[in-house]
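Asker: One structure is given below, represented as structure tokens, and several questions about it will come after.
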Amino acid sequence: MSERIQAPRGTSDVLPEDWPARRSIEAVAQRILEDAGYRRIETPTFEATELFARGVGESTDIVQKEMYTFQDAGGRSQTLRPEGTAPVARAYLEHGMHKAPQPVKLWYLSSFFRQEKPQAGRFRQFWQIGAEAIGSADPAVDAELILLLNAILEEIGVREIQLRISSLGTPAARVEYRDHLQQHLRAHADELSGEVRARIDLNPLRAFDSDHPGTQRVMASAPRLLDHLDADDAAHFAEVRALLDAAGIPYEIDTTLVRGMDYYTRTVFEFVSGALGAQSAVGGGGRYDGLIEMIGGPPTPGNGWAAGIERMALAAEQRPPVPPVVDLFVASAPREDGNGHVEAFALATEARRAGLAVQQELAGRSLKGQLKQADRIGARFVAILGDEGIALKDMESGEQETVESAAAAVARALKGRHPG
Ligand code: HAM
């Protein structure tokens with residue numbers, strides 16, 4: 001035997017038993033988002049590398065170390081999408097969606113790719129449900145997006161949810177703040193981790209994310225961006241908070257909240273779950289008023305979030321799986337004319353056309369084996385094609401009757417069907 005090939009590290013198969021939980025997450029998200037006017041979008045799995053370099057930001061971990069980038073046959077650099085916001089912003093621009101009533105509200109359920117170190121809840125290919133509202137700077141957009149994600153997480157039963165919010169202000173306020181922060185970091189350079197020290201110039205904000213004890217001590221007394229917002233940004237953030245308060249949703253202001261993309265402006269937020277380990281973020285997002293301009297469009301405000309499906313499933317209460325409905329199992333007994341299997345196949349087809357959920361014998365089992373299989377999958381009726389015609393067995397009552405035709409068997413099974 002030759003060497004067995006396995007799935008790439010950090011990826012996982014989504015097996016049949018994983019789908020009920022996923023499907024219910026998807027159904028809840030779809031209903032909540034579409035009821036609020038969000039419409040589904042799917043962008044290509046790969047995009048020009050430049051989109052992420054400019055949109056997500058050259059200095060971010062995603063662009064610097066995590067992207068799956070390749071050259072296509074035309075020599076162009078392409079990248080498997082590490083996230084969905086830059087692609088949706090690109091699609092908004094490309095399809096002239098600024099001409100539609102604003103904001104344009106879009107949602108997606110797609111898979112994304114990041115070459116991160118795999119661990120519990122962190123994969124190299126993962127799935128996100130995301131929502132983006134592009135074209136309005138109204139603080140109500142921010143609050144509504146947060147409430148929608150909260151509603152989804154609550155309905156799917158994510159345990160121990162906590163909401164953290166902050167504001168990053170405008171890029172101008174951030175430049176000024178960066179100076180303050182860099183001064184603070186330089187003054188304490190010898191207490192910082194080597195990695196943080198090396199990035200004081202490039203990305204000092206990431207120091208808030210460090211788990212290095214010395215760095216954490218230095219950051220405890222670091223200046224906070226929230227104290228350096230300009231008047232407009234501070235008023236915007238106050239309005240977002242007032243709307244969240246009015247909706248009665250609890251949150252914590254987290255001045256150390258830094259998200260992994262450079263496109264954020266003003267409101268940022270993250271939902272964490274105590275039911276997850278180190279990778280506790282279930283979903284997060286924020287405003288990105290500069291993104292469309294960064295990728296070559298006119299100034300356009302935007303806001304959105306994404307939540308990881310694997311993490312939502314991990315953090316939600318496990319519900320007992322609901323077995324699929326089987327209205328009819330078509331079995332066939334060996335017949336003298338040897339045509340039993342053809343008629344059984346025809347009956348299964350007819351029953352499916354009539355709308356029944358049908359399974360048929362596909363493994364050459366004995367009649368006894370077929371009845372056992374029908375019982376195992378919870379079939380409501382079993383049709384047995386034999387020399388005497390069609391016997392229809394009601395698996396609930398155990399009664400068996402002979403029906404004169406396939407049509408009669410189908411009609412009987414339809415009548416006895418479970419509602420829903
Ligand atoms: P993000 O925080 O990078 O934001 O990802 C959002 C969520 O995706 C995370 O909270 C987590 O649940 C999940 N996730 C991220 N990376 C992984 C991974 N390697 N394995 C498993 N799950 C993961 C964004 O992606 C932004 N595009 C969100 C956004 C939308 N901001 C504005 N609009």
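Asker: If you line up the Cα atoms of the chain on their principal axes, what length do they span on each, largest first, in Å?
Answerer: Computed over the chain, the largest-to-smallest principal extents equal 93, 57, 44 Å.
Asker: Using Cα pairs closer than 8 Å and at least 6 residues apart in sequence, work out the relative contact order for the range 248-377, in percent.
Answerer: 16
Asker: Give me the angle, in degrees from 0 to 90, between the Cα long axis of helix 340-353 and the longest principal axis of the Cα atoms of the chain, rounded to the nearest 10.
Answerer: For helix 340-353, the angle is close to 50 degrees.
Asker: Right, another one. Report, by chain and number, residues whose modeled amide H sits under 5 Å from the one on D289, excluding near sequence neighbours (fewer than 5 apart, same chain).
Answerer: T265, G302
Asker: Using a simple charge model, +1 on the beta-carbon of Lys and Arg, -1 on the beta-carbon of Asp and Glu, nothing else, what dipole does the chain show about its Cα centre, in debye to the nearest 20?
Answerer: 540
Asker: Something else now. Among N203, N150, N303, which one shows the highest mean-square fluctuation when the chain is modelled as a Gaussian network with alpha-carbon springs under 10 Å?
Answerer: It is N203.
Asker: Please arrange W127, W107 by counting, for each residue, the other beta carbons lying within 10 Å of its beta carbon, fewest first.
Answerer: Neighbour counts put them in this order, fewest first: W127, W107.
Asker: Taking only C-alpha pairs under 8 Å that are 6+ residues apart, what is the relative contact order of the chain in percent?
Answerer: 15
Asker: Helix-only mean residue ellipticity at 222 nm, the chain, DSSP H runs n ≥ 4 weighted -39,500 (n - 2.57), per residue, nearest 500. What is it?
Answerer: Calculated from helices alone, the mean residue ellipticity at 222 nm is -10000 deg cm²/dmol.
Asker: Which angle between 0 and 90 degrees, to the nearest 10, do you get for helix 231-246 versus the longest principal axis of the chain when only C-alpha atoms count?
Answerer: It works out to around 40 degrees.
Asker: In percent, what relative contact order does the range 326-417 have, based on Cα pairs under 8 Å that are 6 or more apart in sequence?
Answerer: Answer for the range 326-417 is 33 percent.
Asker: Specify the residue with the greatest mean-square fluctuation among S280, S193, S221, computed from a Gaussian network of the chain linking alpha-carbon atoms under 10 Å apart.
Answerer: Among S280, S193, S221, the largest mean-square fluctuation in the Gaussian network model of the chain belongs to S221.
Asker: While we're here: If the cut-off is 24 Å between C-alpha atoms, which lysines fall inside it for K372, apart from same-chain ones fewer than 8 positions away?
Answerer: List returned: K393, K415.
Asker: Then there is this: Which of the lysines could a cross-linker span from K65 if the Cα-Cα distance has to be under 26 Å and same-chain partners fewer than 8 positions apart are dropped?
Answerer: K117
Asker: With θ taken as phi - 60° and the coefficients 6.51, -1.76 and 1.60, list the Karplus ³J(HN,Hα) couplings across the range 83-93 in order, rounded to whole Hz; mark glycine and proline as x.
Answerer: 6, x, 6, 4, x, 5, 4, 4, 5, 4, 5
Asker: Moving on to the next point. Work out the length of the dipole vector of the range 326-417 about its Cα centre, built from +1 on the beta-carbon of each Lys and Arg and -1 on the beta-carbon of each Asp and Glu, and round it to the nearest 20 debye.
Answerer: Approximately 460 debye in magnitude.
Asker: Which shape class, rounded, prolate or oblate, goes with the range 1-47 when its Cα gyration tensor gives a ≥ b ≥ c as root eigenvalues, a/c under 1.5 marks rounded, and past that a/b bigger than b/c marks prolate?
Answerer: oblate
Asker: Separate question: Assign one of three labels to the range 326-417, namely rounded, prolate or oblate, based on the Cα gyration tensor with a ≥ b ≥ c the square roots of its eigenvalues; rounded applies when a/c is under 1.5, prolate when it is not and a/b is larger than b/c, and oblate otherwise.
Answerer: It comes out rounded by the Cα gyration axes.
Asker: Could I ask something else about it? Could you please rank M97, M312, placing first whichever residue has the fewest other Cβ atoms within 10 Å of its Cβ?
Answerer: Starting with the residue having the fewest Cβ neighbours, the order is M97, M312.
Asker: Among rounded, prolate and oblate, which fits the range 1-131 when a ≥ b ≥ c are the square roots of the eigenvalues of its C-alpha gyration tensor, a/c under 1.5 means rounded, and a/b larger than b/c means prolate?
Answerer: It is oblate, given that a/c is not under 1.5 and a/b is not larger than b/c.
Asker: What angle do you read, to the nearest 10 degrees and between 0 and 90, between the alpha-carbon axis of helix 367-376 and the longest principal axis of the chain?
Answerer: 30
Asker: Tally the DSSP beta bridges in the range 326-417 and give the antiparallel ones as a percent, rounded to 5.
Answerer: So the antiparallel bridges amount to about 55 percent of the total.
Only the coordinates and a few stated rules stand behind these numbers; no lab work does. Just so you know, these numbers come straight off a predicted model, no measurement behind them. No Cβ is skipped: glycine too gets one built from the backbone with ideal geometry, and neighbour counts run over all protein chains shown.
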